[in-house]
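Notes follow once the structure below has been shown.
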Amino acid sequence: MKYKDKLKDPRWIEFRKRVYRKDGYKCTICGTKDRPLHAHHRFYEKGKQPWEYNIGNLDTLCSWCHESIHLLEQESEE
């Protein structure tokens, strides 16, 4: 199953809601509640499903901050 398909799984959808609730439904970087929110994994472990992580290892990020984090990660890998 592709990763993007796993993000449609009911287990991920429920887990993602728990992450948002933990962080007060706001971006943990900029504090906004005005952009779409994403649940961001701080790291990945081979073989784990997106919903199998400790909830403390995920952060709620707005769409802008989430994209920015991934762009910075890509740049540091180059």
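The values are calculated or read from the model by the stated rules, or taken from the named source; none is laboratory data. Computed from a predicted model, the values in this text were never measured in an experiment. Counting neighbours? That spans all protein chains shown, and the Cβs are built from the backbone with ideal geometry, glycine included. Please note that ligands, DNA and RNA were not included when accessible areas were found on the heavy atoms of the full protein model with its side chains. Shrake-Rupley method; radii C 1.70, N 1.55, O 1.52, S 1.80 Å.
Tell me, please, whether a residue that is out of contact with any strand residue (DSSP E or B) (no Cβ under 6 Å at 6 or more places or on another chain), free of Cβ contacts under 8 Å to residues at least 12 places away in the same chain, in a loop (DSSP other than H, G, I, E, B) and more than 23 Å from Asp9 (Cα to Cα) can be found in the stretch 66-78.
Taking every residue of the stretch 66-78 in turn, at least one turns out to be out of contact with any strand residue (DSSP E or B) (no Cβ under 6 Å at 6 or more places or on another chain), free of Cβ contacts under 8 Å to residues at least 12 places away in the same chain, in a loop (DSSP other than H, G, I, E, B) and more than 23 Å from Asp9 (Cα to Cα).
Under 7 Å between Cβ atoms, which residue pairs at least 6 apart in sequence (or on different chains) link something in the stretch 6-35 that is farther than 15 Å from Trp51 by Cα with a partner that is polar (S, T, N, Q) and part of a loop (DSSP other than H, G, I, E, B)?
So the pair list comes out as Lys26/Thr32.
Here's a check for you: in the stretch 27-50, which residue that is open to solvent by less than 90 Å² (accessible area, probe 1.4 Å) and charged (D, E, K, R) is nearest to Met1 (Cα to Cα)? Reasoning before the result, please.
Of the residues in the stretch 27-50, the ones open to solvent by less than 90 Å² (accessible area, probe 1.4 Å) are 27-28, 30-32, 36-41, 43, 45, 47-50.
Add one more test, that the residue is charged (D, E, K, R), and what stays is 45, 48.
On the way: Glu45: 16, Lys48: 13 Å.
Filtering the stretch 27-50 for residues that are open to solvent by less than 90 Å² (accessible area, probe 1.4 Å) and charged (D, E, K, R), the one nearest to Met1 (Cα to Cα) comes out as Lys48.
Specify the residue that is modelled with the highest pLDDT; the eligible residues are those in the stretch 36-61 that are in contact with a helix residue (DSSP H, G or I) (Cβ under 8 Å, 6 or more places away or on another chain) and of a type in the set (D, E, K, R).
Among them, the one singled out is Asp59.
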